[in-house]
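A quick write-up on the structure given underneath.
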Amino acid sequence: MNLLLLALALLYIGLSVFVWRFWLRQSGASYPIHTELAVLALVLLLHTSVIWLPLLHDRQLIIGFGHALSLVAWLMVLLYWCGNFFYPLKGLQLLLYPCAAVSMLLAAFLPGGQAAYHLQNLPFMLHISSALLAYGLFGITALLAILLLVLNRQLHRRAMSPMLQALPPLLSIEKLMFQGIWAGFILLTIAVISGTVFAEAVFGAPAAFTHKTVFGVLSWLIYAGILLKHYFQAWRGKKAAWWVIVAFICLMLAYIGSKFVLEIILHRM
């Protein structure tokens, strides 16, 4: 499994080098998005097999620190691949592929625990599927927020590089970001409710007030605040982008962060 994760890391590094070299080359040629998506489809097939093939044998979902990172990265890349057929996501891969490569390396060298959950546990599947989809969407929106901040800074400096000029318009990036937040917020709400109401069925114990709960609820409140201010006060721009990044960091601390502390530092499940 580690060899496959390392192979995936190398493939994502190769994609990162390709897209960065193309944008920095400043050749004026149109970006070969169809070629990229065709290659990415093959990489996604390998990534999918690494994550899901074990389920065909023992019907269990293995959720450790490394597997969780690999799963979230897979969802983000899959959402990017699918989204390209409907939305202008050009430029997002500049950040996405390096993040995916780092996630694969961490998954290979820091696998963490091997907690297994039966797929027949419907409350757990509702909770974990909605939570992971929310992670993937919020990960994409955090990358869009970073792109928005970079583009906004260049616009104010009036020093647009050819690479940044090739990005979608700032308002398009912002619109996509808020659409992603709306979808992710609905999924996160389902995850929070299912994790609370069905806590004993999901985790084998009643809901408890832990740092995971605190960061999870905090991220939900921040995303709710962002959406409310955007809806009622047309809130947008740099402040909104920074809060999107803060909310995602809180979400990462709630799940991935807690797994890192428990499984990697404390060696507990």
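The values are calculated or read from the model by the stated rules, or taken from the named source; none is laboratory data. Values in this document were obtained by computation on a predicted structure and should not be read as measured data. FYI the Cβ positions are ideal-geometry reconstructions off the backbone, even for glycines, and counts take in every protein chain you see.
Can you find a residue in region 11-29 that is within 23 Å of SER130 (Cβ to Cβ) and either at pLDDT 90 or above or not in a helix (DSSP H, G or I) (or both)?
no
Just a yes or no: is a residue in region 159-175 modelled with pLDDT of 85 or more and of a type in the set (A, V, I, L, M)?
yes
Before we move on, is ALA73 assigned to a helix (DSSP H, G or I) and either modelled with pLDDT of 90 or more or within 14 Å of LEU137 (Cα to Cα) (or both)?
yes
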